[in-house]
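Data first, discussion second: the structure below is written as C-alpha cells.
The values are calculated or read from the model by the stated rules, or taken from the named source; none is laboratory data. The structure displayed is predicted, hence computed values, not measured ones. When we count neighbours, we look across all protein chains shown, and the Cβ atoms used for this are built from the backbone with ideal geometry, even at glycine. The protein model used for the area step is the full one, side chains on, heavy atoms only, and it has no ligands, DNA or RNA in it. Shrake-Rupley method; radii C 1.70, N 1.55, O 1.52, S 1.80 Å.
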Amino acid sequence: MNLLAYETSPYLLQHASNPVHWKAWNPETLALAQSSQKLLIISIGYSACHWCHVMEHESFEDETVAELMNAHFISIKIDREERPDLDAIYMKALQIMTGQGGWPLNIIALPDGRPVWGGTYFRKADWMDSLEQLQKIFSNQLDKITEYAQRLQAGMAKLIELDLPTQLINQASTLEPLIEKWKKSFDHDFGGMARAPKFMMPNNYSFLLEYAQHTQDHDLNNFVQLTLTKMAYGGIFDVIGGGFSRYSVDGNWHIPHFEKMAYDNGQLLQLYSQAYKQKKNPLYLEVIQKTMQFIESEWTSSENGIYSAWDADSLNLVHEMEEGAYYVWTKPQLEKVLGPDLELFSQVFNLNDFGYWEHENYVLIRTQSLEIIAKQNGIAVSDLESKKTAWETTLYQNRLERSKPGLDDKCLCSWNGIMVSGIVAAYQAVGNKKYLEQAIHTAQFIHQTFIQPEGNLLHTYKNKQATINGFLEDYAFTIAAFIDVYEATFVEKWLLVSKELMDYCLAHFYDDSRKLCSFTSRLDPALVSEHFETEDNVIPASNSVMAHNLLRLGCVFAEQNYRSIAKQMIELVVFNADYPSAFSNWLSAFMRLLPSQLEIAICGENAYEYAQKLNRLYLPNCQIVASEKASELPFLKNRFNPEQTLFYCCQNQHCELPFTDFNLFLKRVQKA
C-alpha cells in the first residue's frame, strides 16, 4: 500500500494498492519535492471517471511503469472533487498548452508546482516515453524548462485579466447580439448544441427559458422545450431508474458516458421543475419524480447527506467491469422479461437501428410521443401509459439483480447545496411535501456538518469527518440553497445563516481590486497561480452564483453594498463575455438588474399559503419574501397588519401601495 491508504477519498483509495508511490497533495509532499529536486507527476481524476480507471489498469498498476515513476518523480494523486482549486489551475495550464482538457488530467510540474507539460489519457508506451524525455530535459536543460514554466505561468495570469466596462449595460437588448450568435449553434433536430459529445449544461437552458419568456421569443422557448424533451426521452436519462448521466457521446442524447453526478442531477431537477411550472408537461413531471426516487434510494446517506456519484462501470454477466453494463439490454433479455409486449415495447423504446449501441446491446430511447404510438397501434393512450409504467417497474426490479455501479460516498458541501436547490425547486413545482422534507433535512446536514465555529465552511465529508477548508463554490451554493429553503418555508433562520456566510465570504474571498471573489480563501496557502472562477461550465461559476446571492440577500436585508458589489461583478463579466454559453448564469444574474425584476412581500396570517401559490408559477423575475407575523427583516419591517394579508410589489427598490386582493395582485405580477 502507498500513502493514499491514509486518505478518505474513494478515488484516492482506488489507487492505494498501486505499485506507484502515490502521495497526496499536502505540505509534506511539496517539501519532499523541493528537497529532492524531482519533477512532480500530478495526476487528477475522480471516482466515476472511466478513462481514469483504464489508465490506472494499463499504467499505474504496471510494475515497469511504477519503477520509472518512483525512480525519477514525486507522484501525486488528486481527487478533482476534493480539490477543485488544483484541478482548475492545472486544467487551465493544460488548455493553454494543448487547447484541450479532460480527465484523467496528467501534469508534469517543477518541484515548486509550476506546470511544464501535460495531457489526458496516455497509453502505457506513450506515457513511459514522455516521462523519459521529460526527465532528460529536466536533467540536461533546466534553464529551458524553467523558462517555459515562467512563460506558461504568465499566460495563466493573463486569463484572469478582464477589461473594465466602457458603457452601461442595463437593458435586455444588450444581450441580443450574444443570443443571436448563440442561436447559430443550435441543433433543431435533437436540441442542445449541434455537436458531439453533448453536455446538458443546465444553466444554459435555465437562462434561455427565462430570456425567452422576458422577450416573448416563442421560437427560442420551443427550442428549449425540444431540448428538454429529447433529453428526457432516454439514453442520457435513465428511464428505468431515474437520474441523468453526465453527457452523451453522440449528437442524439442516446449513448451516455454512463457515470451519474450529483451536480448534474441537482441542476437538472431545478431546470425541469422550472419548465414544468411553465408548461405542465407530464414528461417533465416524470423526470422530476424518477430523479427524486433515484436520489432518495441510491444517494441519500443515513445522515441525509447526498453522495457524489455513481461510476460508469459495473460488473457484467461474466463478472468483468464494463461501462454501461448496469443499464443496457439485449433483445433476448427483454423478451424473457416482457414476453408478448416486446413488439409494442420496441416501438416505444426503439429496439431498432436507432436504439442499437454495440455487442447486441440497446440503450433505451424514445423518439415519439405515446399519443402517436398509441394512435398507430389503435389503442388508448391511457392503456399505453399503463403498459409503459408496468414495463419500467418490471425492468427496474429485474435490474436490481445486477451489480450496481460503484458509489462515491463522500458528501461535498457545494454539491449538497446544488442538490438542495434542485429538490426545493421540485417541491415548488410539484407540491410533494416529501420533497420539502428531504431538502430541509439535507440543508440541516450541511449546517451541522460543514459550518465551523469560526464561521467558515469545510468542503468534504466522509467517515464522520469533514475536512479541507471550503472553496468559493461551497459558500456560493450553500448560500443559494439556504435562500431557496427560506423561500419554500419562510423560516428566517436560513436567511440569517446565509447572511453570516456571505459576510464571511466577502471578508476572506473578495478582491476589491479585481471586483471578484478568489476561488480560495486568503487563509489558505498560496497556490502556483491565482484562480478567479468566471466561466459558467456544467457547474456555474462560483462568482456568478455569488452575484445572484448578493442581489437576493441585498433585497431582503436592504444591503446596498451587496447590490453594488453584485452589479460591479455582473457588468465586468458580461461586458467581457464573448460566447454566451460559457456565461449563461452571469446573463441570468444580469436579468436580475433589469427594471422588470420584481421584489414581492406578502404579510399576513395567510401569507405562506399565497406565497406557495406564487411558487407554483413560473416567475423567474420575482423574489418572494413572506411572513405571517411581524418581522424584523428590513424588507418586511413595518409591513405586517394582523387584520388582513397585504401584497407588496416592488421594482427598482421602490414599492407600490399594497394590494389586498390576491387576484388583482397576481395580474400585476404577471404583467411585469
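Details
- Test set (1) surrounded by fewer than 23 Cβ atoms within 10 Å (Cβ to Cβ); (2) in contact with a Leu (Cβ under 9 Å, 6 or more places away or on another chain); (3) on the phi > 0 side of the Ramachandran plot - G235 fails condition number: (1)
- Which listed residue is surrounded by 19 or more Cβ atoms within 10 Å (Cβ to Cβ) and closer than 30 Å to L472 by Cβ, from V420, V430: V420
- Some residue of region 562-585 being open to solvent by 10 Å² or more (accessible area, probe 1.4 Å) and touching a His at 6+ places or on another chain (Cβ under 8 Å): yes
- Residue that is nearest to T229 (Cα to Cα), among those in region 156-203 that are open to solvent by 40 Å² or more (accessible area, probe 1.4 Å) and of a type in the set (D, E): D189
- T460 in contact with a Lys or Arg (Cβ under 8 Å, 6 or more places away or on another chain), crowded, with 24+ Cβ neighbours inside 10 Å and not small (G, A, S): yes
- Hits in region 545-558 - residues which are in contact (Cβ under 8 Å) with a residue 24 or more places away in the chain and either open to solvent by 20 Å² or more (accessible area, probe 1.4 Å) or more than 13 Å from the chain's Cα centre (by Cα) (or both): M546, A547, H548, N549, L550, L551, R552, L553, C555, V556, F557, A558
- Of residues in region 336-368 being more than 17 Å from K388 (Cβ to Cβ) and without any contact (Cβ under 8 Å) to a residue 12 or more places away in the chain, the one surrounded by the most Cβ atoms within 10 Å (Cβ to Cβ): Y356
- For region 238-257, the set of residues classified as over 16 Å from the mean Cα position of the chain (by Cα) and not in a strand (DSSP E or B) consists of D238, V239, I240, G241, G242, V249, D250, G251, N252, W253, H254, I255, listed by residue number.
- Residue selected from region 602-614 under the condition out of contact with any Ser or Thr (no Cβ under 8 Å at 6 or more places or on another chain) and more than 21 Å from V497 (Cβ to Cβ), by the criterion least open to solvent (accessible area, probe 1.4 Å): L614
- The set of residues from region 61-107 being in contact with a helix residue (DSSP H, G or I) (Cβ under 6 Å, 6 or more places away or on another chain), open to solvent by less than 20 Å² (accessible area, probe 1.4 Å) and more than 22 Å from T520 (Cα to Cα) comprises V65, I74, S75, P104.
- Of the numbered criteria (1) out of contact with any helix residue (DSSP H, G or I) (no Cβ under 8 Å at 6 or more places or on another chain); (2) touching a residue at least 24 places away in the same chain (Cβ under 8 Å), the one Y461 fails is (1).
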